[in-house]
Amino acid sequence: MSLRYLPLLCCSLASAANLYATHYSGSVYTLSLEGGDDGYSLSVASDLKTCGPMPSWITLDPESKLLYCSDENGDASSNGSLTSLAIGEDGSLTEAAKTDAAPGGGVNSIIYTGEDGSKYLAIAHYGGSALSTFSLPLDADAEPLQVFHYELTKPGATPQQGASHPHQVILDPSGSFLLSPDLGADQIRVYAIDKSSGSLNDCPSIEFPHGSGPRHGLFEQPEATRFRFQRRAGSQQTLLYTVSEIGGHFKAFDVSHTSDGCLAFRETQSFDPYPGGLPEGATLSGIQSDGTSLYVSIRSDKGFDPNDSMVTLGRSCNGTVAFRDLTSSYGTVPRTFEINEAGDLVAIGNQASSNVAIVKRDPETGKLGDEVASVQVGEPGEVGTAEGLSSLIWGL
């Protein structure tokens, strides 16, 4: 067993943990998970009407004990909001600051750092066709540090691609580059971070085939990897893994630095990560990793009817990824999920059924097991609409 898990596993034998979830109806929820090896229970501890009409995503700053909540309300012609929420000793939330100066349609955010401990938040705005950044901590009525507005350079392949739709922001392992998959534009936009100011500078994008619709991705740095080509012995490999919502493909890229201060991406894999091919109407959604296992949530496949699925992928020592397992999401339309710090539990947020399922995970093998707890959070939503549970994270 990996030593990093030992203290946490010992604590998890009988412990409590908080989770936070957003619901498109306009509330942010504090959830309480209690128990251990003898059984778990999950309950709604409190809820707060906040974060605009359509709370869509929460990002945790553990040092400041703040949550940053994006509002998906609005589009390219109107604003949404950004709210900071203070976490109390009992896990409850209070509104700390709010600005209505954010572009509309915020769906994902990430914290990045500059010099002297300065912090910034980058937000992907799906409906707003934009990416924005804010200085942290958030002040009331704060203006964005930067806003990038995007327009398509060619017609989209599907109705979903009628406009630019940034869906996520990703920080590279060095903390020096920020990426944003654009589902509408069939590209991942790449920026270099100016550490002195927190500003983002353009780098060449990663271009995807027409009609791919890249949605989410993550960086990995496999340990103890040996390289045969174009690398010095002992150098650290960096990989980018992505999932495309429309094209249904998983892609892997080998990442390197260029002489002009940007990143280069060489595609190494592209495949459908679902056994026998994705069923009609099913789409890839989120992607997470821990150790040598990667996980992709599958929306609307009804692989465990009426529930949807989670795909487990295994990564070899050279970074190559292959299908390993298909398990239940224990709900419908798994939009968001996250592995706890101990690596022994996965929280799955199912949007349409609007439930949070806690699933056992083997930290050694990465295998997902049975559901050990579940709770209804707000009202269920209709599949294919912006209703129901919108995001979920583990708390402090």
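The values are calculated or read from the model by the stated rules, or taken from the named source; none is laboratory data. What you see is a predicted model, and the numbers here were worked out from it, not measured in a lab. Neighbour counts are summed over all protein chains in view; Cβ atoms, including those assigned to glycine, are modelled from backbone coordinates with ideal geometry. These accessible areas exclude ligands, DNA and RNA; they are computed on the full protein's heavy atoms, side chains included. Shrake-Rupley method; radii C 1.70, N 1.55, O 1.52, S 1.80 Å.
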Item to complete: Looking only at region 215-222, decide whether some residue is outside any strand (DSSP E or B), modelled with pLDDT under 95 and surrounded by 15 or more Cβ atoms within 10 Å (Cβ to Cβ).
Response: yes
Checklist line | Residue check, Leu66 under 20 Å from Leu389 (Cα atoms) and among the aliphatic types (A, V, I, L, M) | finding: no
Over region 28-49, the set of residues of a type in the set (Ser, Thr, Tyr), over 22 Å from Asp362 (Cβ atoms) and open to solvent by 10 Å² or more (accessible area, probe 1.4 Å) is Tyr29, Ser32, Ser43, Ser46
By residue number, the members of region 299-331 that are open to solvent by less than 20 Å² (accessible area, probe 1.4 Å) and either at pLDDT below 95 or among the hydrophobic types (A, V, I, L, M, F, W, C) (or both) are Met310, Val311, Leu313, Gly319, Val321
When Phe148 is run through (1) modelled with pLDDT under 95; (2) part of a strand (DSSP E or B), the failure sits at (1)
Every listed condition ((1) part of a strand (DSSP E or B); (2) in contact (Cβ under 8 Å) with a residue 60 or more places away in the chain; (3) open to solvent by 40 Å² or more (accessible area, probe 1.4 Å)) holds for Ser64 save (1)
* Can we say Leu121 is out of contact with any His (no Cβ under 7 Å at 6 or more places or on another chain), of a type in the set (A, V, I, L, M, F, W, C), at pLDDT 95 or above and not in a loop (DSSP other than H, G, I, E, B)? -> yes
The lone condition Asp90 fails out of (1) part of a loop (DSSP other than H, G, I, E, B); (2) within 21 Å of Val147 (Cβ to Cβ) is (2)
Discussion item. Any residue that is under 30 Å from Asn201 (Cα atoms), touching a residue at least 60 places away in the same chain (Cβ under 8 Å) and hydroxyl-bearing (Ser, Thr, Tyr) - is there at least one of those in region 284-306?
Written reply: yes
Scanning region 246-285 for residues that are closer than 16 Å to Val321 by Cβ, open to solvent by less than 30 Å² (accessible area, probe 1.4 Å) and of a type outside the set (D, E, K, R) gives Gly248, Phe250, Ala252, Phe253, Val255, Pro273, Tyr274, Leu284
Here the residues within region 100-111 that are touching a Gly at 6+ places or on another chain (Cβ under 6 Å) and either assigned to a strand (DSSP E or B) or surrounded by fewer than 24 Cβ atoms within 10 Å (Cβ to Cβ) (or both) are Pro103, Gly104, Gly106
For region 167-183, the count of residues that are crowded, with 23+ Cβ neighbours inside 10 Å and farther than 21 Å from Lys119 by Cβ equals 3
Matching residues in region 312-342 (over 18 Å from Lys251 (Cβ atoms), touching a Lys or Arg at 6+ places or on another chain (Cβ under 9 Å) and assigned to a strand (DSSP E or B)) number 5
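Okay, residues lined up against (1) touching a residue at least 40 places away in the same chain (Cβ under 8 Å); (2) surrounded by fewer than 20 Cβ atoms within 10 Å (Cβ to Cβ); (3) not acidic (Asp, Glu):
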position: Asn355; (1), (2), (3): no, no, yes
position: Ile358; (1), (2), (3): yes, no, yes
position: Pro363; (1), (2), (3): yes, no, yes
position: Lys367; (1), (2), (3): yes, yes, yes
position: Val372; (1), (2), (3): yes, yes, yes
position: Val375; (1), (2), (3): yes, yes, yes
position: Gly388; (1), (2), (3): yes, no, yes
position: Ser391; (1), (2), (3): yes, no, yes
position: Leu396; (1), (2), (3): yes, yes, yes
Every listed condition ((1) over 22 Å from the mean Cα position of the chain (by Cα); (2) among the small types (Gly, Ala, Ser); (3) not in a strand (DSSP E or B)) holds for Ala264 save (3)
Within region 360-396, the count of residues that are hydrophobic (A, V, I, L, M, F, W, C) and either within 19 Å of Asp301 (Cα to Cα) or assigned to a loop (DSSP other than H, G, I, E, B) (or both) comes to 6
- Would you say Ala97 is open to solvent by less than 30 Å² (accessible area, probe 1.4 Å), assigned to a strand (DSSP E or B) and closer than 20 Å to Gly213 by Cβ? no
